[in-house]
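Encoded as structure tokens, the structure appears first; notes follow it.
The values are calculated or read from the model by the stated rules, or taken from the named source; none is laboratory data. Note that the structure is a prediction, hence the values are computed from the model and not measured. FYI the Cβ positions are ideal-geometry reconstructions off the backbone, even for glycines, and counts take in every protein chain you see.
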Amino acid sequence: MIAALPALAASHAVLSPLRPLAPQQITMALDQKANAMFDTVDARDKRPDFITSLETRDKLTAAFLVHGVVVSGLNVIGLYDRYEYVAIGMAGFIGLTSAAVGWYELCAGITEDDDRPGFAHERAIMLYTTSYLAGVMWLSLRFSPLYPASLVPLDNLLCAVSILVYLYGLVSPAATLVCLREQLTPTEVLRMKGMVVSGLVGSVFLLETTALLLHEADWWGHVTARYPAQSVLEPSVTVFAAYAVEAGVFIHRLARRGVVTFADAVPFYGKVLLPLLTLLPMACLFAYRHDEVSFWEFLFLDWE
């Protein structure tokens, strides 16, 4: 529930469009590294076709985002029958599959390498976003009725790894901006500012994950006994965050290939995708189930 609040700040932070900040580009930059550094606002060549430009990970991400639109619709109309299967289970399957492909591409060297500093390094961004996707998908399933009891003993390990991922996404882009700013192009500076916001939003799950780590194993059972709809709310909020991050990464990859410009994609993300996939369904879910959920108290249950 508490993860909903920073999304409002994120939606405001991404609305300012990027400008053509690089040396003038006479032709379409085929170098994805150059596109990420300088954008393709002034490119004159025909842009790559959207469909044919999609790679394996992109197709999984696209399927994940289409599912996000469906889940958003379910929340808008208040349809929660078999929600744990249709929404959470399916999101977990697609999301974890996409994360597995992302890790494979990183390990196999398929993800393009470059020499950009700090978090502007493409492989650093992909490592974080892939690991973040896996982390929030696990957390969503952990808070749902679908999670097998046999995996509960792994809570401490998985919580610790997830916390490290959230902290990395929070600290690394900020450190890159502060310590390596002179090595960044203006476009990269703006991209890093966006990643700082993304890291702030993602780090909200430090609260739920830390509570799961510090409480006894039966804490979540006590939470859902007192707040019945918490088993719908918490998995949904984490899934909504995953949709938001994956939408941003999807746009990032398309802009690197010159399919779209960062200048056009960033406002579209803030004005259309973020509200559709996160703010709208969260608001509807809260409206329908507000009497059955906790805003903050569930974090401290059993410590009272």
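From the list 222, 290, exactly one residue is surrounded by fewer than 21 Cβ atoms within 10 Å (Cβ to Cβ) and without any contact (Cβ under 8 Å) to a residue 12 or more places away in the chain. Which is it?
Numbers: 222 fails: without any contact (Cβ under 8 Å) to a residue 12 or more places away in the chain.
Result: 290 is the single residue among 222, 290 that is surrounded by fewer than 21 Cβ atoms within 10 Å (Cβ to Cβ) and without any contact (Cβ under 8 Å) to a residue 12 or more places away in the chain.
Given the options 31, 45, name the one that is over 30 Å from residue 283 (Cα atoms), in contact with a Ser or Thr (Cβ under 9 Å, 6 or more places away or on another chain), surrounded by fewer than 15 Cβ atoms within 10 Å (Cβ to Cβ) and at pLDDT below 95.
45
Among (1) within 30 Å of residue 213 (Cα to Cα); (2) touching a Gly at 6+ places or on another chain (Cβ under 9 Å); (3) in a helix (DSSP H, G or I), where does residue 144 come up short?
That leaves (3) as the condition not met.
Given the criteria over 21 Å from residue 283 (Cβ atoms), touching a residue at least 60 places away in the same chain (Cβ under 8 Å) and surrounded by fewer than 15 Cβ atoms within 10 Å (Cβ to Cβ), does residue 145 qualify?
Values: over 21 Å from residue 283 (Cβ atoms): yes; touching a residue at least 60 places away in the same chain (Cβ under 8 Å): yes; surrounded by fewer than 15 Cβ atoms within 10 Å (Cβ to Cβ): yes.
So residue 145 fits the description; yes.
Restricting to region 221-242, name every residue that is touching a helix residue (DSSP H, G or I) at 6+ places or on another chain (Cβ under 7 Å), assigned to a helix (DSSP H, G or I) and farther than 18 Å from residue 129 by Cα.
Within region 221-242, 223, 224, 230, 231, 232, 233, 234, 235, 236 qualify.
Being surrounded by 19 or more Cβ atoms within 10 Å (Cβ to Cβ) and closer than 14 Å to residue 138 by Cα is the filter here; which residues of region 88-114 pass it?
Of everything in region 88-114, those that are surrounded by 19 or more Cβ atoms within 10 Å (Cβ to Cβ) and closer than 14 Å to residue 138 by Cα turn out to be 88, 91, 92, 94, 95, 98, 99.
Would you check which residues across region 133-173 are small (Gly, Ala, Ser) and within 30 Å of residue 189 (Cβ to Cβ) and list them?
Those that are small (Gly, Ala, Ser) and within 30 Å of residue 189 (Cβ to Cβ): 134, 135, 162, 169, 172.
Sort out for me the helices (runs of 4 or more DSSP H) sitting completely within region 47-123 that have 2 or more residues that are at positive phi, in contact with a Pro (Cβ under 8 Å, 6 or more places away or on another chain) and of a type in the set (D, E, K, R).
none
Does residue 134 satisfy the criteria of being free of Cβ contacts under 8 Å to residues at least 60 places away in the same chain, under 28 Å from residue 218 (Cβ atoms) and of a type in the set (A, V, I, L, M)?
yes
I'm trying to understand the selection: among the residues of region 248-264, which are under 18 Å from residue 59 (Cβ atoms) and either out of contact with any Pro (no Cβ under 7 Å at 6 or more places or on another chain) or of a type in the set (Asp, Glu) (or both)?
248, 249, 250, 251, 252, 253, 254, 255, 256, 260
Conditions (1) modelled with pLDDT of 90 or more; (2) within 28 Å of residue 287 (Cα to Cα); (3) among the small types (Gly, Ala, Ser), marked per residue:
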site	(1), (2), (3)
81	yes, yes, no
92	yes, yes, yes
102	yes, no, yes
114	no, no, no
126	yes, no, no
131	yes, no, yes
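The rows are residues; the columns are (1) modelled with pLDDT under 95; (2) in contact with a Gly (Cβ under 8 Å, 6 or more places away or on another chain); (3) under 20 Å from residue 224 (Cα atoms); (4) not β-branched (Val, Ile, Thr).
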position	(1), (2), (3), (4)
161	no, yes, no, no
178	yes, no, no, no
188	yes, no, no, yes
202	yes, yes, no, yes
